[in-house]
Amino acid sequence: MPLVRNDPAQYDELAGSWWEPTGGFAMLHWLAASRAEHVPPAPRPDAVLVDLACGGGLMAPHVQRLGYRHVGVDIGVAGLRTAREPGVSAVRGSVLEVPLADGCADVVVCGEVLEHVEDDVAVLAECARLLVPGGVLVIDAIADSRLAGPVAVGIAGLGRGGRHDPARALHPQAPARHRRRASEQASNPSVDADRST
């Protein structure tokens with residue numbers, strides 16, 4: 001029976017494949033390495049990086065190298081079990097209501113999330129809430145572009161089996177609009193709605 005597009009249950013069913021570099025999650029390995037390039041070294045020994053929708057914890061080797069305590073949040077139990085193996089402090093929860101304290105993170109990584117949720121602005125507000133003033137947000141999502149469908153969803157296989165719905169890809173102008181709305185909703189005044197990194 002085919003899965004419903006964006007159904008999180010499919011990640012649990014593929015949990016044994018998280019760490020296979022040429023398996024069904026191969027592109028996520030590349031994306032984890034790319035995200036890590038945007039994370040500065042930990043500013044202090046107790047610095048925290050919160051990894052939203054962490055899945056099997058593919059950011060772990062990069063986070064350890066940079067010196068952060070890695071807290072991964074996901075709704076999938078099987079993925080969280082896998083994420084614990086490389087040292088992720090796994091927390092079960094939704095990206096729409098993250099069960100962590102305000103201002104607990106020096107860095108929040110929110111990769112491949114916005115195209116899976118109904119309320120992407122609420123996710124961005126959660127990111128802002130979690131960050132310390134001056135913290136770093138690393139975010140990526142599949143864009144609604146001529147290349148996204150054929151490359152990310154077609155060739156790379158992110159659309160196979162319903163993992164991604166091409167109709168949920170973000171319009172290229174969405175980030176600017178979302179930053180403004182999220183900073184208005186968030187209680188964290190450190191969110192700069194006019195700056196994109």
For this session: Keeping to the range 25-35, report how many residues are touching a Leu at 6+ places or on another chain (Cβ under 7 Å) and surrounded by fewer than 18 Cβ atoms within 10 Å (Cβ to Cβ).
Result: 2
Problem set entry | the range 49-78, residues that are among the aliphatic types (A, V, I, L, M), under 14 Å from HIS29 (Cβ atoms) and either touching a Pro at 6+ places or on another chain (Cβ under 7 Å) or surrounded by fewer than 24 Cβ atoms within 10 Å (Cβ to Cβ) (or both) | ALA60
Exercise. How many residues are without any contact (Cβ under 8 Å) to a residue 40 or more places away in the chain and among the small types (Gly, Ala, Ser) when one looks only at the range 84-117?
Worked result: 6
Exercise. With respect to the numbered conditions (1) over 24 Å from GLY16 (Cβ atoms); (2) of a type outside the set (S, T, N, Q); (3) at pLDDT 80 or above; (4) crowded, with 18+ Cβ neighbours inside 10 Å, which one is the sole condition not fulfilled by ALA141?
Worked result: (3)
Exercise. Can you tell which of ARG84, ARG146 is modelled with pLDDT of 55 or more, basic (Lys, Arg) and under 20 Å from VAL48 (Cα atoms)?
Worked result: ARG84
Exercise. Would a scan of the range 40-58 turn up a residue that is part of a strand (DSSP E or B) and among the small types (Gly, Ala, Ser)?
Worked result: no
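Could you list all residues from the range 99-120 that are among the β-branched types (Val, Ile, Thr) and either at pLDDT 90 or above or surrounded by 18 or more Cβ atoms within 10 Å (Cβ to Cβ) (or both)?
VAL107, VAL108, VAL109, VAL113
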Exercise. Could you list, in sequence order, the residues of the range 79-98 that are crowded, with 21+ Cβ neighbours inside 10 Å, touching a Gly at 6+ places or on another chain (Cβ under 8 Å) and part of a loop (DSSP other than H, G, I, E, B)?
Worked result: VAL88
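The values are calculated or read from the model by the stated rules, or taken from the named source; none is laboratory data. Keep in mind that this is a model prediction, so the values were computed, not measured. Note: ideal-geometry Cβ built from the backbone for every residue, glycine included; neighbour counts use all protein chains shown.
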